[in-house]
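Here, each number is a calculation from the coordinates, and none is a lab measurement. Treat the numbers as computed from the prediction; the structure is a model and nothing was measured. Every residue, glycine as well, gets a Cβ built from its backbone with ideal geometry; the counts of neighbours run over all protein chains shown.
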Amino acid sequence: MSHAPIMSRDAAPMKYACALLFAIAVLPSSAFAKQDCRAAAAVCDTGHEGSLALIEGGTPLPVLVDQGEHAPVLRAAEALRDDLAAVSGATDGAADGRMAIIAGTLGHSARVDRIVREKGIDTGGVAGVWEAYLLQVVDAPEPGIERALLVAGADRRGTAFGLYELSRRIGVSPWTWWADVPPPRRTTLHIAPGRFVDAPKVRYRGIFINDEDPALGGWSKATFGGTNHRFYERVFQLIMRHKANYLWPAMWLPRAFYDDDPKNAELADEYGVVIATSHHEPMMRAHDEWSRHGKGPWDYSRNAQVLQEFWRGGIERLQGREAVVTLGMRGDGDEPMSEQTATALLERIVADQRRIIAEVTAKPVEQTPQVWALYKEVQDYYDKGMRVPDDVTLLFADDNWGSIRRLPDPADRRPGGYGVYYHFDYVGGPRNYKWLNTTQVERAWEQMRLAWAHGVERLWVVNVGDIKPQELPISAFLDQAWDPDAADLDWITAYPARWAAEQFGPAHAQAIGEIVTGYTRLNARRKPELVDAGIWSLVHDREAGRVLAEWDALVAQVQALAPEIPASHRDAWYQLVEYPVLASANLNHLHVAVARNRLYAGQGRASANAWAAKARGLFARDAELQRVYEQEIAGGKWIHMMSQPRIGYTHWQSPPRNVLPALASVDPPEKGVTGVAIEGDPVAYPALLRRPRLPELDPVAAPTRDVVVFNRGQAPIPFTATSRAPWLEVSPTSGEVTDEQPLTLQIDWDALPEGRHEGIIYIRGQDWTEVSVTVPVHKPPAHRGARGFVEGNGVVAIEAEHHARAVAPAGAQWQVIPNLGRTLSAVTAWPATGAPLVPGGDGARLEYPVVMDVDGEVEVRVLVSPTLDVRHRGGLRYALSIDDEPPTVVTVRLDPTPGDRDFTAWEAAVIDNAHVARSRHRVRAGANTVKLWLVDPGLVFQRIELVRDAKPRGTLGPAESVRR
């Protein structure tokens, strides 16, 4: 593992302030006044003692690099020259030559080596450290140059990363091309003196382009003629600008990185990007190459010799270029190799592959980086004891939905190290998710922080699908991989706003960060492909209205902020902020409109047809939003990029195109006809052999309920509504209904004694329709003096972060992870590598005071993130108790044990992005204390619910209870 970054002049606390806060667009002078512009290598628009002007009077410094430098350094230097010109606005001319930026690789650049030697430059923490670099202002570095910024790297990528880091600090976003983020315009920029040294903590950091049709595949064909070297040049630039170094190329049929365009591999080497192949493509061979060049079955037990020659060709084709070779074998088409765990066969395959590597490279096999991907069923081989040589990197995987399946013991170390293959995109069950970003950066951060704590330091690679629109999580993932130690809770909390500042400047960064966080949180609670007309309830918990209100609030934020975004940033704004919010909100409105259409048609409402028209309009709006993205912004640059279908799923696979969900219609009579609908009941009244009865009202959770008088016909219909109970009022008491008229119920709680009561609302239409709605009311005991979350309607719901007391484990702490989860945030104990704890006594716990109506039994539901048992110990446990009862241990087991292929619990958890664990307990009337005990570290708690009975609920459950 590389050494930690070394910085002088108190630069360590400023590392990310320098690396990111100074790398934002259109920074006014006042923004810099809030920062420490004297921190080592900080870039500001005003000079300080000892600083060096990178841009002065609109003229940038020249970037000097020996022509004999490594190709990646020459590429990076050219990128920096272009970036300086773009920021300064310089079209011709150059500085007078007395000042410069000098870059080179230690031990390779004679110029840099001479400056280091003659000026006594300290190269500690750089020389010999993987991809390390130094930024330092040097006086009189060579004849004719009075001062220079020295960029010295330990190796070819280290020097390149120093140059790309400087580009980022002067305000050029890594997304400058991929999201049309314009560089800021600055007439003056200064870099502070001091010594800044940095190096990555994770050796290989990169992305996997996958599932790339129809979006990126269609776009690349229209733009570049396919996934050729012109396309990959843009990919390599994106990777290097993020100071990443690793790529699994696009491989959806019929794509093959080496075979499609020989220049792909040459250009990757020029940029310094390490090419590998995905988890199921061994020996540097793309999957589609077997159909092109292979002979016979993809079956090692029957066709070993042909497969060996095929694989040998993959290694020979490398021609000594840097690569990481995938070992092992899965079945044809990324399927299991066999129905059984064929350990002996796979061990033989790995041994033969390593022999081929050694023969072709003519050097010890340990000198060629290799990886064994423990993906899907391959993990069973590992769990059952199969091992590979210690120099091979073990690549663990998530479950394709963002929960890592297995991690090593933190104490275990091996020369080849460990890696994680993660997903922001997936094609497979329970449903594809490919359209928009649905990965909360907080969730990916939490899981990768867990991986880092368990010693995963060799390889981080993430499936990014089409690249766009995963811009935010890609940046967060790669920035975290550079220095996981610095990526603490404060880091991820501030990250969305910091990233927004890098794209749009500081003026509205906080607001934009909240918007991108908000839309991702709402999409993560249930991915758009999993939303349909049956998800957000129209009859329980007022859920559909609550969900749409959240989306509407985000849309309002976007619309309010849009006029403040300068014209130069409108293309980036639409891609990164406006389209994701508007399109996601529109999709949820569409499905709710379909749900209303179907519900209202079943109730015979005349307005059902209007809701069908509304749904058609929303469906058309989805297409229009896509058209703007693909044809209007950036001059039509992103054609096809939003073509992934997202409406009309019926099973795991995408429909061939967006399909408007089936709609219902009614044939309303010309005259008006009275109908009544009530909360909690999809049936319309009057109904044969049924009488409407509202769910119970209470003063805490449900002080009122919905009753709606609607029209089944075309002509307006008069009605009256009355109550005979003195404590129950209804308004309006009369009116005329064209479409629908909600009634307001008001309870005089002071006039009611404690206990349960019933009233009736009498509704009469002019058409002689009569409906009597029973209104059950419960006024619970006052329990004066009791404090806590108050039971209402038989439920207490509590967000996990709202604990009254937190007793931390020894040497650890409870942490609130903002935004993570479906409804507010999440709480977890950190670090999460300790031994299991015994609950009870004064052990680690969270305490929640609650006030219950009466004595009785409740089910306590604890909602946790769908975290898996990464240490393979039989599940993750917590314990729960109320007051002084002994703690009840509850096991969360989502990942099936080997041989058990029942994925029911796992599928439910990933669909809902939460798992509900249950235990039963006794409560007493009045004050109680719920104690949530830590047993196994790693669980992430979202909320707690105490439920007396199994009443129907919406997908998200009730709103949080009132806290007295």
| remark: Once phi for every residue in the range 59-65 is put through the Karplus expression 6.51 cos²θ - 1.76 cosθ + 1.60 (θ = phi - 60°), the whole-Hz ³J(HN,Hα) values, with Gly and Pro written as x, are 10, x, 5, x, 10, 9, 9
| message | Can you pull out the chymotrypsin sites (Phe, Trp or Tyr not before Pro) in the range 678-785 whose DSSP state is coil and whose Cβ has at most 12 other Cβ atoms within 10 Å? | response | 768
| remark: Expected unfolding gain across residue 49-residue 552 under the 0.36 nm per residue rule, minus the alpha-carbon gap, is 176.1 nm
| Remind me, relative contact order of the range 204-487 in percent, using alpha carbon pairs under 8 angstrom and six or more residues apart? | 19
| remark: Expressed in nanometres to one decimal, the distance between label points 7 Å along Cα→Cβ at residue 920 and residue 749 is 3.1
| request: List the trypsin sites (Lys or Arg not before Pro) within the range 764-847 that fall in a DSSP loop (any state other than H, G, I, E or B) and whose Cβ has at most 13 other Cβ atoms within 10 Å. | output: 784, 787
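With a 10 Å radius around each residue's Cβ, average the other Cβ atoms per peptide and rank 153-162, 600-609, highest first. Could you put the intermediate results ahead of the total?
Details: 153-162: 28.9, 600-609: 20.7.
Put in order of decreasing packing, that is 153-162, 600-609.
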| task | May I ask you to derive the FRET efficiency for residue 384 and residue 767 from their Cβ-Cβ distance with R0 = 60 Å, giving the value to the nearest 0.05? | result | 0.25
| Efficiency of FRET between residue 366 and residue 873 - r from beta-carbon atoms, R0 35 angstrom, step 0.05 | 0.65
| field | Estimated FRET transfer efficiency when R0 is 35 angstrom, pair residue 671-residue 774 (beta carbons, to 0.05) | value | 0.75
| In the range 718-804, which GluC sites (Glu not before Pro) are in a loop and have at most 16 other Cβ atoms within 10 Å, using DSSP for the loop call? | 754
| query | How many percent of DSSP beta bridges within the chain run antiparallel, rounded to 5? | reply | 70
| task | Please report, to two decimal places, log10 I(q)/I(0) for the range 863-964 at q = 0.10, 0.14, 0.15, 0.24 Å⁻¹ as given by the Debye formula with identical point scatterers on the Cα atoms and no solvent. | result | -0.33, -0.63, -0.72, -1.44
| said: I'd like the Karplus ³J(HN,Hα) series for the range 471-476: coefficients 6.51, -1.76, 1.60, θ = phi - 60°, whole numbers in Hz, and an x wherever there's a Gly or Pro. | reply: 4, 4, x, 4, 4, 5
| Pulled fully out, how much extra length does the chain show between residue 299 and residue 319, if you take 0.36 nm times their separation in residues and subtract their Cα-Cα distance? | 4.5 nm
| note | Summing -39500 (n - 2.57) over every DSSP H run of at least 4 residues in the chain and dividing by its residue count gives a helix-only mean residue ellipticity at 222 nm, to the nearest 500 deg cm²/dmol, of -9000 deg cm²/dmol
| Taking only the alpha-carbon atoms of the range 204-487, what semi-axes of the equivalent ellipsoid follow from 5 times the gyration tensor eigenvalues under a square root, in whole Å, largest first? | 26, 23, 19
| query | Gain in length, residue 734 to residue 683, computed as 0.36 nm per residue apart minus the alpha-carbon separation, to one decimal in nm? | reply | 16.1 nm
| task | Compute the acute angle (0 to 90°) between the alpha-carbon long axis of helix 300-316 and the principal axis of greatest extent of the alpha-carbon atoms of the chain; round to the nearest 10°. | result | 50
| What is the distance in Å between the Cα centres of the range 891-964 and the range 115-152? | 57
| Among 960, 309, 69, which comes first, then next, by fewest other beta-carbon atoms within 10 Å? | 309, 960, 69
| task | Report, to the nearest 10°, how far helix 215-224 tilts away from the longest principal axis of the Cα atoms in the chain, using its own Cα long axis and a range of 0 to 90°. | result | 40
| the chain, relative contact order in percent, only Cα pairs under 8 angstrom and at least six apart counted | 9
| field | Rel. contact order, % - alpha carbon contacts under 8 angstrom, at least six apart, the range 789-947 | value | 38
| field | Ranked packing of 592-598, 615-621, 196-202, most packed first, by mean Cβ within 10 Å | value | 196-202, 592-598, 615-621
| field | Degrees, to the nearest 10: 509-525 long Cα axis against longest axis of the chain | value | 60
| What does the charge add up to near residue 669, with Lys and Arg as +1, Asp and Glu as -1, over the other residues with Cβ less than 14 Å from its Cβ? | 0
| field | Cα centre as origin, Lys/Arg/Asp/Glu Cβ charges: the chain dipole, Debye | value | 620
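Per the Cauchy relation, a quarter of the hull surface: what is the mean projected area of the convex hull of the alpha carbons in the range 674-779, in nm²?
Numbers: hull surface 25.9 nm².
Taking a quarter of the hull surface, the average projection is 6.5 nm².
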| query | In the range 789-947, if every C-alpha pair distance is counted and binned at 10 Å from zero, what percent goes to each bin? | reply | 11, 41, 36, 11, 1
| remark: Any residue on another chain or 5+ positions along whose placed amide H is under 5 Å from the amide H of residue 195 is listed here as 8
| field | Karplus-derived HN-Hα couplings along the range 286-292 (A = 6.51, B = -1.76, C = 1.60, θ = phi - 60°), whole Hz, x at Gly and Pro | value | 5, 4, 6, 5, 5, 5, 7
